[in-house]
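The values are calculated or read from the model by the stated rules, or taken from the named source; none is laboratory data. Quick caveat: nothing in here was measured; it's all calculated off a predicted structure. Here the Cβ positions follow ideal geometry from the backbone for every residue, glycine too, while neighbour counts run over all protein chains shown. Just so you know, the surface numbers come from the protein's heavy atoms only, side chains and all, with ligands and any DNA or RNA stripped out. Shrake-Rupley method; radii C 1.70, N 1.55, O 1.52, S 1.80 Å.
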Amino acid sequence: DVKVTQSSRYLVKRTGEKVFLECVQDMDHENMFWYRQDPGLGLRLIYFSYDVKMKEKGDIPEGYSVSREKKERFSLILESASTNQTSMYLCASRPPTGVRGDTQYFGPGTRLTVL
Amino acid sequence: AQSVTQLGSHVSVSEGALVLLRCNYSSSVPPYLFWYVQYPNQGLQLLLKYTSAATLVKGINGFEAEFKKSETSFHLTKPSAHMSDAAEYFCAVSLKYNNNDMRFGAGTRLTVKP
């Protein structure tokens, strides 16, 4: 089974802090994603990566950056956390196009609170 | 660009009753369609997916969905609700050859009453 893990389930940070959210997948997937989930808005894509050191902006990249130094690890960085970044953050990974019907596999999520 | 609309942010059914969660999509090209379930404090788990094979798709836990191109719909059903089905359900659409651009609906929270 595919396993996607996230470094923290719950995180509390202060405004202005630099925040790192880590995601690791164990299935050698090329594609990895970061979403944020807010009530009534569903999931919105922040960034995705289709290869090591490659990244693409999603719908809401402002205030975030990402890092993919190794294939299995995709990090989301909040350079200076703000209260409007309080949310649930979900990481996902996916095998190459055409494999397994392009299913995205999700981690358990990190609930971040910024005070 | 593709998009998804889920009708009803909350649905409540009695145990043993039919579950019907509605999803309509828009896409300029043939889509892939997905239903995911999220149990409290967990990530999303794939229930089922349509990838241009059979239009009636069977998933886990007794759920199924039917792709209706003429209605641009992909409604999720289960004949008899169980208490363990209480969760949030998300419909999602992606383009056939570009799954990196997956769009999610706002979600429907299902409550099952005893």
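In this simple spin-label model, placing a label point 7 Å from the Cα along the Cα-to-Cβ direction at both residue B:29 and residue A:28 gives a separation of 2.8 nm. Total buried accessible area between A and B, probe 1.4 Å, nearest 100: 1700 Å². In segment B:35-71, burial by the other protein chains removes 50 Å² or more of 1.4 Å probe accessible surface, compared with the chain on its own, from B:41, B:44.
Here the spin labels are modelled as points 7 Å beyond Cα on the Cα-Cβ line, and at residue A:82 and residue B:111 they lie 3.5 nm apart. Mean silhouette area of the protein assembly as shown, derived from the convex hull of its C-alpha atoms and averaged over all directions, reads 12.1 nm². Between residue B:64 and residue A:113, the distance separating the two model label sites (each 7 Å from Cα on the Cα→Cβ line) works out to 4.4 nm. If you look at the Cα atoms of chain A, you get an Rg and a Dmax of 13.4, 43 Å. Rg/Rh for segment B:18-114 (Cα atoms only, Rh after Kirkwood) is 0.96. Split the accessible area of segment B:10-91 by element, probe 1.4 Å, and carbon with sulfur accounts for 54%. Here's the list of lysines a cross-link from residue B:49 could span, going by alpha-carbon distance under 27 Å and ignoring same-chain residues fewer than 8 apart: A:3, A:55, A:57, A:71, B:58, B:68, B:69, B:78, B:96. Based only on Cα atoms, what Rg/Rh ratio does segment B:37-90 have, Rh being taken as Kirkwood's radius? Across segment B:37-90, the Cα-based Rg/Rh ratio is 0.99. The calculated FRET efficiency for the pair residue B:53 and residue A:15, based on their C-beta separation and a Förster distance of 45 Å, comes to about 0.35. Shown in residue order for segment B:15-30 are the 3J(HN,Hα) couplings computed by the Karplus curve 6.51 cos²θ - 1.76 cosθ + 1.60 at θ = phi - 60°: 4, x, 7, 5, 9, 9, 10, 9, 9, 10, 10, 9, 7, 7, 10, x Hz (x for Gly and Pro). If you bin all the Cα-Cα distances of segment A:54-115 at 5 Å, starting from zero, the percentages per bin are 4, 14, 21, 26, 19, 10, 4, 2, 0. Close amide H contacts of residue B:111 (hydrogens built in the peptide plane, cut-off under 5 Å, sequence separation of 5 or more or a different chain): B:11, B:12, B:13.
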